[in-house]
Amino acid sequence: MKVNGLVAKLKQSKLFKDSFWAIFGNGLGTALLLIAGIIIARYLGKDVYGEYGVVKTNMFYIAGFSTFGLGLTSTRFIAKYLGEDRTQIIGIIKTATAITIVFSTFLAIIIAVFSQPLAEYLNSPTMARPFKFLSFIIIVKSLGTTSNGILSGLGDFKSIAQNAIFSGLVMLISCVPLTYFYGLDGSLAALSLSQIINTGLNYYKIRIKFKQFPIYYKAFNPKELISFSFPIAMQEISYSVCNWIGILALTKYSSMGEVGIYSATAQWNAVILFIPGLLHNVVLSHLSKSQTTQSHKKNIRALLTVYLICTVIPFLCVYCFSSFIASFYGKGFGQMIPVLRILTLATIPLCCSDVFKSELLAIGHPWILFSIRCIKDVIFVGAVIFFLTHYTTIGGALSYAICNLIISILFFVALYLAYIFTIKKNS
């Protein structure tokens, strides 16, 4: 009877339903992308896959700040105004989309113009063409990030899940023939196609949602969005730029083969983090709504427990089967095993940090979060360059993984202290 009562209670919970769709749909989409990545790695080989990894990794890093922080800001503002003034919703959506288009296009042009000099600086002239691919994908991926934030604010996590699954299927199906016949260009074309479809489906769902809101909507003041999103954008810029520099340092001071090993390993990081990562917008959406102080603290503790369990269990699985996983990638990926174990270990403190990041945003302290993250990112870049130039015998990918683990632990401690400080200050 108790079990039946618990199941019935969970079915009625909006948080549970949102979490289910975020985990199931996007989790399956991530799994499909992982399988596609393994297939591409086997076709391209370690060195060429390193070039593909540079484009794919930088796509996520640069798209993180080319939205100007409007992915998370859209979630927070839409969730807030749904209960206060629904005439503002369409205005928020259109304003967030317009800013994303302008800012991402500006960055895309810069990347396209400097693609050749950047490739020559990295001593990889063949990278000029992939960097031009990157400039196009950035615009699409940025709009996809903002549209995910909009749908999260609207509470439509089911649509996000369905779109992620479909785009993942497109990536998996298209990558095999395109990579086989066209090599690196084909794999990048498959990546572009999946992102275009995901973004297009997101905005199709958003247009349908317009019917729920008043026809005569209020034009939302862009200054209000920008003033809140600016510190979020700055922290995304800090994170993206510093990680981008880290990848470029790995490329310059190590080799494309080491970048390939890191890129393959980073896919498994994404697998471990997909549950907490997908719950991020769910958590932010719910924490942004009014709650009593006691229930708020209880939710924080519960989320920490859930995030810890959801990260430790898959980490242990990956750790135990690391040799088996490396064998899937083919010859040349044997050095991936220690990198995989250390880099995935870093997901545990990194995952738990997301709870405090969401809390600081929900209670309106984006500048505190920016300060901590900026310091963390700068230290990370310095540590990566130091390890790559002073400990050359242990391998570039392994050096990168060690730095990631150390900095992730320090980041979690800093965020926890910031959370304690804001609680005491507000009490």
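The values are calculated or read from the model by the stated rules, or taken from the named source; none is laboratory data. Computed from a prediction, not measured in an experiment: that's the story for all the values here. Because the Cβ atoms are built from the backbone with ideal geometry, glycine has one as well, and the counts that use them run over all protein chains shown. Accessible surface areas use protein heavy atoms only, side chains included; no ligands, DNA or RNA. Shrake-Rupley method; radii C 1.70, N 1.55, O 1.52, S 1.80 Å.
At-a-glance table
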read-out: Residue satisfying all of: in the stretch 167-186; buried (at least 24 other Cβ atoms within 10 Å of the Cβ) and of a type in the set (S, T, Y); nearest to T67 (Cα to Cα) among these; value: S167
read-out: Qualifying residue in the stretch 371-390 (condition: within 24 Å of K46 (Cα to Cα) and of a type outside the set (V, I, T)); value: yes
read-out: Residue among K297, K289 that is over 22 Å from G29 (Cα atoms), in a helix (DSSP H, G or I) and modelled with pLDDT under 80; value: K297
read-out: All positions within the stretch 212-259 that are β-branched (V, I, T) and either at pLDDT 75 or above or assigned to a helix (DSSP H, G or I) (or both); value: I226, I232, I237, V241, I245, I247, T251, V259
read-out: Boolean, F328 is open to solvent by 50 Å² or more (accessible area, probe 1.4 Å), of a type outside the set (K, R), under 20 Å from A270 (Cα atoms) and in contact with a Cys (Cβ under 8 Å, 6 or more places away or on another chain); value: no
read-out: Scope the stretch 75-95; condition closer than 18 Å to L143 by Cβ and open to solvent by 30 Å² or more (accessible area, probe 1.4 Å); matching residues; value: K94
read-out: Identity of the residue in the stretch 390-416, at pLDDT below 90 and either of a type in the set (K, R) or surrounded by fewer than 20 Cβ atoms within 10 Å (Cβ to Cβ) (or both), that ends up nearest to I368 (Cα to Cα); value: Y416
read-out: All positions within the stretch 309-325 that are under 24 Å from D354 (Cβ atoms) and surrounded by fewer than 16 Cβ atoms within 10 Å (Cβ to Cβ); value: I309, V312, I313, L316, C317, Y319
read-out: Scope the stretch 88-144; condition over 24 Å from L191 (Cβ atoms) and of a type in the set (S, T, Y); matching residues; value: T95
read-out: Residue that is nearest to F412 (Cα to Cα) [pool: residues in the stretch 331-353 that are among the hydrophobic types (A, V, I, L, M, F, W, C) and open to solvent by 20 Å² or more (accessible area, probe 1.4 Å)]; value: L350
read-out: Pairs with Cβ under 7 Å, 6+ apart, first in the stretch 366-395 and over 13 Å from A414 (Cβ atoms) and of a type outside the set (S, T, Y), second modelled with pLDDT under 85 and not in a helix (DSSP H, G or I); value: L388/S254; G395/Q335
read-out: Answer residue from the stretch 354-382, given it is out of contact with any helix residue (DSSP H, G or I) (no Cβ under 7 Å at 6 or more places or on another chain) and assigned to a helix (DSSP H, G or I) and is modelled with the lowest pLDDT among those; value: S371
read-out: Single condition H365 does not satisfy, out of (1) under 24 Å from T73 (Cα atoms); (2) out of contact with any Leu (no Cβ under 9 Å at 6 or more places or on another chain); (3) buried (at least 20 other Cβ atoms within 10 Å of the Cβ); value: (3)
read-out: Which numbered condition L28 fails, given (1) at pLDDT 75 or above; (2) surrounded by fewer than 21 Cβ atoms within 10 Å (Cβ to Cβ); value: (1)
read-out: Residue among I394, I407 that alone is over 20 Å from the mean Cα position of the chain (by Cα) and on the phi < 0 side of the Ramachandran plot; value: I394
read-out: Which listed residue, of A164, A190, is touching a helix residue (DSSP H, G or I) at 6+ places or on another chain (Cβ under 7 Å) and open to solvent by less than 10 Å² (accessible area, probe 1.4 Å); value: A190
read-out: Search result, residues across the stretch 375-389 that are among the aromatic types (F, W, Y) and open to solvent by less than 70 Å² (accessible area, probe 1.4 Å); value: F380, F387
read-out: Given (1) more than 21 Å from V55 (Cα to Cα); (2) more than 18 Å from the chain's Cα centre (by Cα); (3) open to solvent by less than 60 Å² (accessible area, probe 1.4 Å), index of the condition P231 fails; value: (2)
read-out: Contacts under 7 angstrom Cβ, first residue in the stretch 406-427 being assigned to a helix (DSSP H, G or I), partner surrounded by 16 or more Cβ atoms within 10 Å (Cβ to Cβ) and among the hydroxyl-bearing types (S, T, Y), 6 or more apart; value: F411/S353; F412/S353; L415/S353
read-out: Those residues of the stretch 117-147 which are touching a Phe, Trp or Tyr at 6+ places or on another chain (Cβ under 8 Å) and open to solvent by 20 Å² or more (accessible area, probe 1.4 Å), in sequence order; value: L118, K141, L143
